[in-house]
Amino acid sequence: MDADPVRIVARGELTMSDAAWEQARSRASVIGALASRGSTGTAAADRAALELGVSRRRVYVLLDRYRQGSGLVTDLAVRRSTGGKGGNRLPEPVEDIIRDLIRKRFLTRQRWSVAALHREIARTCAVRGLKAPTRNTVSRRIAMLNPVEVGRRREGADAVRPLQSAGGDVPVIGSILEQVQIDHTVIDVVIVDERERRSIGRPYLTVAIDVYSRTLIGMVVTLEPPSAVSVGLCLAHASGDKRPWLERLGVEVDWPMSGKPKSLYLDNAAEFKSEALRRGCEQHGIRLAYRPQGQPHYGGIVERVIGTTMRQIHELPGTTFSNPAERGRYDSEKMAALTLPELEKWLVLAVASYHGSVHGALGQTPGGKWAAGVAATGMPAVTANQTSFLVDFLPVIRRTLSRTGFVIDHVHYFANALKPWIGRRDRLGRFIIRRDPRDISRVWVLEPEGHHYVEIPYRSISNPSISLWEHRQALTRLRARGAAQVDEAVLFRMIEQMRQVSETAVKTTKRVRRETERRKHAKDPSRLGTRTSKVPPPDAPTDVDPGEVSVQPFEQIEEW
């Protein structure tokens with residue numbers, strides 16, 4: 001009985017073609033090495049998958065077959081098939097051509113596109129008298145590869161660092177929203193104000209990228225320097241239904257990518273380390289992870305995914321290009337033409353175009369990858385009230401309650417909702433208060449029971465809505481004038497004078513124009529920040545000042 005398996009194996013060996021035997025021998029070399037190690041982790045399996053040109057699942061199938069067999073080369077030979085359902089599987093010589101050219105042309109620093117690779121495969125098949133596979137078939141073969149190894153071969157080790165844990169193993173991202181990366185940049189274009197159409201400088205962009213599908217799930221364009229609030233706004237935009245926002249923008253595109261992330265992978269910038277962000281994520285069950293200190297700029301998915309659009313921005317009027325040498329004698333300030341809303345609309349259209357374009361690392365469109373993820377896990381739940389969500393990520397202040405309400409930086413806040421607490425305020429201690437720096441005309445106060453945030457407006461409802469930067473600028477001017485005491489009335493008179501200067505000036509300065517646009521942009525009703533009475537609470541975080549942070553320009557970018 002022992003001879004039969006040997007004879008069967010021998011017959012199989014004799015009837016195998018040279019190409020099939022070479023493939024089986026190559027498989028045995030790689031799979032045999034894995035089998036000798038005992039357990040096989042995902043990182044080792046992915047490296048083997050890339051070397052053999054198969055999926056990780058296929059590696060485990062071959063490993064199991066090798067261990068259950070006799071440890072011979074023929075245990076790993078390609079088994080004949082009728083083609084399965086439809087009988088449309090490719091002949092092995094065609095598969096060999098695909099694998100070989102993916103390795104020699106696609107997985108290189110030259111970074112061939114899928115279209116160029118398919119043309120070369122079709123040409124090689126024609127020379128050998130074989131029927132060429134379709135481009136979709138080639139894309140599916142690429143999609144089966146481990147994206148980390150693909151990125152390493154095509155772009156280098158630094159490009160895939162965000163996808164690796166500190167131990168070097170590859171964390172498998174198997175579903176949409178499993179990992180989202182957020183980062184900021186200053187956009188390479190000068191914009192103009194809506195009143196005089198004169199330059200006001202460069203805006204900032206905060207984006208959230210779903211690593212699994214490479215889709216953009218959140219975007220915020222602002223004149224405010226990146227801060228903890230920028231992160232909260234981007235998360236709120238990512239988690240909510242974008243259709244009402246797109247309608248207000250007047251842009252007819254489909255942007256279905258929404259939902260609350262399961263985890264965030266972030267840089268070590270100050271706004272990503274704020275207590276407000278950490279507590280907000282804890283409240284919503286979002287895990288936080290950071291790039292290890294001392295590594296090169298983590299770049300990864302989020303900084304490269306907007307690559308081609310940043311290059312397209314260099315074609316817009318008012319572009320600053322990537323550096324002075326590239327800009328040459330081009331006068332960005334003089335040529336600027338787009339307002340902030342116009343730039344935002346342009347970016348939305350660029351995102352829609354990106355979602356519908358084949359992604360080199362995925363082998364399919366990001367939109368298609370997202371749709372496949374939705375089909376596998378179901379449609380993610382979206383946040384019904386984006387303002388409520390945003391409040392959990394706003395900076396926190398702690399204040400005691402007086403008979404007349406709360407006083408925060410010389411500004412009084414009061415509402416009837418505070419009356420039940422005033423009589424027992426001595427026992428309640430300091431309250432947790434959230435404040436939006438873009439509009440400090442109201443704050444959100446956490447109830448003593450800790451169940452809800454209650455919105456509390458100015459005590460004097462005649463005071464205009466102002467931003468925190470206007471408030472601080474007014475205080476600075478008052479102190480420069482030697483004001484011994486600052487009260488609410490004096491503060492708002494100074495702010496009114498500042499606004500009159502900017503509104504009546506015949507020829508305003510660039511700084512004043514920018515400040516006017518910042519105020520207008522923050523009050524735009526199409527943005528987050530509509531009033532709400534009660535908001536579910538988070539745990540109580542410490543006070544956070546968003547402040548200004550440095551931003552990185554888009555460099556070393558990946559094609560859309």
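The values are calculated or read from the model by the stated rules, or taken from the named source; none is laboratory data. Remember, predicted model here, so these are calculated numbers, not experimental data. Glycine also receives a Cβ, built like all others from the backbone with ideal geometry; neighbour counts cover every protein chain displayed.
Of all the residues that make up segment 454-463, how many are surrounded by 13 or more Cβ atoms within 10 Å (Cβ to Cβ) and out of contact with any helix residue (DSSP H, G or I) (no Cβ under 6 Å at 6 or more places or on another chain)?
Let us first name the residues in segment 454-463 that are surrounded by 13 or more Cβ atoms within 10 Å (Cβ to Cβ), namely 454-460, 463.
Pick out the ones that are also out of contact with any helix residue (DSSP H, G or I) (no Cβ under 6 Å at 6 or more places or on another chain) and you get 455-460.
Summing the residues that are surrounded by 13 or more Cβ atoms within 10 Å (Cβ to Cβ) and out of contact with any helix residue (DSSP H, G or I) (no Cβ under 6 Å at 6 or more places or on another chain) in segment 454-463 gives 6.
Can you pull out the residues in segment 100-118 that are in a helix (DSSP H, G or I), out of contact with any Ser or Thr (no Cβ under 6 Å at 6 or more places or on another chain) and within 12 Å of GLY363 (Cβ to Cβ)?
Going through segment 100-118, the residues in a helix (DSSP H, G or I) turn out to be 100-106, 114-118.
Restricting the remaining residues to those that are out of contact with any Ser or Thr (no Cβ under 6 Å at 6 or more places or on another chain) gives 100-106, 115-118.
Once the filter is applied, which keeps residues that are in a helix (DSSP H, G or I), out of contact with any Ser or Thr (no Cβ under 6 Å at 6 or more places or on another chain) and within 12 Å of GLY363 (Cβ to Cβ), segment 100-118 yields ILE102, PHE106, ALA115, LEU117, HIS118.
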Out of the residues in segment 438-449 meeting the condition of being of a type in the set (Asp, Glu) and out of contact with any Ser or Thr (no Cβ under 8 Å at 6 or more places or on another chain), tell me which one is surrounded by the fewest Cβ atoms within 10 Å (Cβ to Cβ).
GLU449
Out of SER357, SER353, I need the residue that is among the hydroxyl-bearing types (Ser, Thr, Tyr) and not in a helix (DSSP H, G or I). Which one?
SER357
For segment 52-66 the number of residues that are surrounded by fewer than 17 Cβ atoms within 10 Å (Cβ to Cβ) and among the hydrophobic types (A, V, I, L, M, F, W, C) is 1
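Out of the residues in segment 390-437 that are hydroxyl-bearing (Ser, Thr, Tyr) and touching a residue at least 40 places away in the same chain (Cβ under 8 Å), which is surrounded by the fewest Cβ atoms within 10 Å (Cβ to Cβ)? Step through it out loud before you land on a result.
The first filter runs over segment 390-437 and keeps only residues hydroxyl-bearing (Ser, Thr, Tyr), leaving 400, 402, 404, 413.
When the remaining residues are screened for being touching a residue at least 40 places away in the same chain (Cβ under 8 Å), the result is 404, 413.
Working: THR404: 12, TYR413: 24.
If we take residues in segment 390-437 being hydroxyl-bearing (Ser, Thr, Tyr) and touching a residue at least 40 places away in the same chain (Cβ under 8 Å), then THR404 is surrounded by the fewest Cβ atoms within 10 Å (Cβ to Cβ).
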Based on this model, can you work out whether GLU95 counts as more than 20 Å from ALA49 (Cα to Cα), at pLDDT 75 or above, of a type in the set (D, E, K, R) and part of a helix (DSSP H, G or I)?
no
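Which count do you get for residues in segment 180-211 that are part of a loop (DSSP other than H, G, I, E, B) and either modelled with pLDDT of 90 or more or within 17 Å of ILE313 (Cα to Cα) (or both)? Don't jump to the end; show me each part of the working.
First pass over segment 180-211, keeping only residues part of a loop (DSSP other than H, G, I, E, B): 187-188, 190, 193-198, 202-203, 211.
Then drop every residue that is not either modelled with pLDDT of 90 or more or within 17 Å of ILE313 (Cα to Cα) (or both), which leaves 187-188, 190, 202-203.
So the count comes out to 5.
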Output yes when any residue across segment 363-385 is touching a helix residue (DSSP H, G or I) at 6+ places or on another chain (Cβ under 7 Å) and under 22 Å from HIS471 (Cα atoms), and no when none is.
no
Filter segment 84-113 down to residues that are farther than 25 Å from ARG27 by Cβ and touching a Phe, Trp or Tyr at 6+ places or on another chain (Cβ under 8 Å), then give me how many there are.
1
Search result, residues across segment 237-270 that are of a type in the set (A, V, I, L, M), over 18 Å from LEU347 (Cα atoms) and outside any loop (DSSP other than H, G, I, E, B)
LEU264, LEU266, ALA270
Listed residues ARG434, ARG472; which is assigned to a helix (DSSP H, G or I) and not hydroxyl-bearing (Ser, Thr, Tyr)?
ARG472
